[in-house]
There are 2 protein chains.
Amino acid sequence: MDDSMFHEDAGFFPPVDTDERLHIGVLISGSGTNLQALIDACADGTIDAVVAVVISNKPDAFGLERARRAGIATVYVDRTAYTTIAAYNHALTAALMQHGVGLVVMAGYMRLLGQEVLTAFPGAVMNLHPALLPSFAGASAIKDAFEHGVKITGVTVHFADEVFDRGPIIAQEPIRVAEDETVATLEAKIHEVEHRLVVDAVRLFAEGRLAIEGRKVRIKAAE
Amino acid sequence: MDDSMFHEDAGFFPPVDTDERLHIGVLISGSGTNLQALIDACADGTIDAVVAVVISNKPDAFGLERARRAGIATVYVDRTAYTTIAAYNHALTAALMQHGVGLVVMAGYMRLLGQEVLTAFPGAVMNLHPALLPSFAGASAIKDAFEHGVKITGVTVHFADEVFDRGPIIAQEPIRVAEDETVATLEAKIHEVEHRLVVDAVRLFAEGRLAIEGRKVRIKAAE
């Protein structure tokens, strides 16, 4: 592999990692407020895991800065540096494996995840979506739901599969659209719920309490 | 019109009706538990309206018996008695107009409503759907949602348009799918919420508090 494809702050070969906790790789494209919720929940012991690497397809995503501030390795994978989408996804997979990742969380990552990543981390790739799936899949879910005139929308955390926003659902929370709601106020409400729901879902995963059974995700009782 | 097409208990020409309250026509295909909720809410004054006629496309729908017990006119409109769907819908429209209906409520009516009915009662045809639309439109919504593995489903009341389960949404209520849920327990939860939600929606209509604005239904404050 040509390491010029990577732009990694922490060096292509990370130091030997002896932390035995679950290693989480977070994929982002933007400001990374959900990433921050995960970093904080790992730091304060809510989640028994460590965010090992943050990968962005945008070089200026503020989430990369959040990661650097928390001493977490960051990787910018530049889609335009790869001639094929398969090569891009191979680089993404390699970066995740390099950091010993056991769970991949797509937290505002605005690209479809390639099959190689899904195959490399079976049953261990989560996506966060700002609507009650299967309603309003796609990149403009909050606005789409608002314009559709729904009275209830919400947030979904699900395991990713090869179809955008479709895999088995781990957690959902409903949000009421108020009479005087605007897209902006709805976005604020949804982001607040997202932070809580992604932490819950990752915590359950770290505790070994999620079982995928066909399309259903069973949540096992705490031991 | 050939009155052999109708099978109406109360006679084809009803007695002169001097009740000035909103007249509701309820379309059913089955047991009519939502119809019963509406009958009860009109009787106890929760809704300032009267159920004027109950129309079924099934001759043995128990909802017809509920209506008879409450002294409400019943009509069985037999689809097979009409050569075209347009003729069937014309008969349906005529029966509703005959009873001075100002609001049509589809409460478990398992047929698509024809354009003539929608045109005859503009902005005044409601449908009740056992899911959070736009998720799980269609006739097996509860089972479909359960098998999809959603963690949140619910109930929708919406104004009907020419597309099944699509028109502007009046009210929605979320329902959590429990870990030990079955289709049967979920159905029971959903029906309970349906009874409350359809009464709320019809009450708001009767109070003149619903305003359709494009895809949105604005709920005006009580006066």
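In this structure, does B:TYR88 turn out to be modelled with pLDDT under 95, farther than 24 Å from B:ALA49 by Cβ and touching a Gly at 6+ places or on another chain (Cβ under 8 Å)? Yes. Screening the stretch A:137-223 for strands (runs of 3 or more DSSP E) wholly inside it with 3 or more residues that are touching a strand residue (DSSP E or B) at 6+ places or on another chain (Cβ under 7 Å) and within 11 Å of chain B (Cβ to nearest Cβ) returns the ranges A:152-159, A:169-176, A:216-219. Working only within the stretch B:157-177, note down all residues that are open to solvent by 40 Å² or more (accessible area, probe 1.4 Å), farther than 17 Å from B:GLU213 by Cβ and out of contact with any Gly (no Cβ under 8 Å at 6 or more places or on another chain). If the condition is that a residue be open to solvent by 40 Å² or more (accessible area, probe 1.4 Å), farther than 17 Å from B:GLU213 by Cβ and out of contact with any Gly (no Cβ under 8 Å at 6 or more places or on another chain), then B:GLU162, B:VAL163, B:ARG176 are the ones that fit.
Summed over the stretch A:124-136, residues that are open to solvent by less than 20 Å² (accessible area, probe 1.4 Å) and either on the phi > 0 side of the Ramachandran plot or within 12 Å of another protein chain (Cβ to nearest Cβ) (or both) total 4. Looking at the stretch B:137-149, can you tell me whether even one residue there is open to solvent by 10 Å² or more (accessible area, probe 1.4 Å), touching a Gly at 6+ places or on another chain (Cβ under 6 Å) and of a type outside the set (Gly, Ala, Ser)? No, the stretch B:137-149 contains no residue that is open to solvent by 10 Å² or more (accessible area, probe 1.4 Å), touching a Gly at 6+ places or on another chain (Cβ under 6 Å) and of a type outside the set (Gly, Ala, Ser).
The values are calculated or read from the model by the stated rules, or taken from the named source; none is laboratory data. Since the structure is predicted, the reported quantities are computational estimates derived from the model, not experimental observations. Positions of Cβ are backbone-derived with ideal geometry, glycine not excepted, and every protein chain shown enters the neighbour counts. We work out accessible area using only protein heavy atoms, side chains counted, and drop any ligands, DNA or RNA first. Shrake-Rupley method; radii C 1.70, N 1.55, O 1.52, S 1.80 Å.
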